[in-house]
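Please read the structure below before turning to the comments.
Any read-out appearing in this document is the output of simple, stated calculations on the displayed coordinates, not a laboratory observation. Bear in mind the structure is a predicted one, so any value in this text is a computation, not a measurement.
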Amino acid sequence: MKNDADRMETNLAVLCHLGGLMGLLFFPGNVIVPLVIWLWKKEKYPGLDKHGIEVINFHLTLTIYIVISALLVLVIIGLPMVIAFLVFGIVVSIKGALMAGDGNCYNYPLTMPFIR
């Protein structure tokens, strides 16, 4: 049975992963929302530190992939790539949130380690 602090840490980790989906509503939200959650609570909940780093690194990487794909729209291949990266981002963010809800940390694929 989890105590209140463990449940709060788990809930914040899930929120951090799902916060990356805010980029669908406003562009830098995919990085800003997890960054704010991570910076705000990483000292109080040490388990949140790894989740926050993973999410921020993934969404920074995803942003780079989408920007490069958007530039490639001029040569036709960019639009399918943008769509593919958006769908990929949604799927792995949800998978990360589900794993965080189970108490596990998800290592996002294709991620560049900006923050260590």
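Decide, for the stretch 55-103, between rounded, prolate and oblate: order the square roots of the alpha carbon gyration tensor eigenvalues as a ≥ b ≥ c, take rounded if a/c falls under 1.5, and otherwise choose prolate if a/b is larger than b/c, else oblate. Walk me through the numbers before you get to the answer.
Details: a/c = 6.93, a/b = 2.44, b/c = 2.84.
Cα axes put the stretch 55-103 in the oblate bin.
Which helices count as membrane-span-like in the chain under these terms: full DSSP H, at least 24 Å along the axis by C-alpha, Kyte-Doolittle mean of 1.6 or more?
Values: long enough: 46-71 (39 Å, 0.92); 78-101 (34 Å, 2.02).
Qualifying helices, which must be both long enough and hydrophobic enough, are 78-101.
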### Query
What value does the stretch 14-116 have for Rg/Rh, both radii from Cα atoms and Rh as Kirkwood defines it?
1.00
### Task
Identify all aspartates and glutamates with a Cα-Cα distance to residue 95 below 17 Å; exclude those on the same chain that are fewer than 8 residues away in sequence.
54
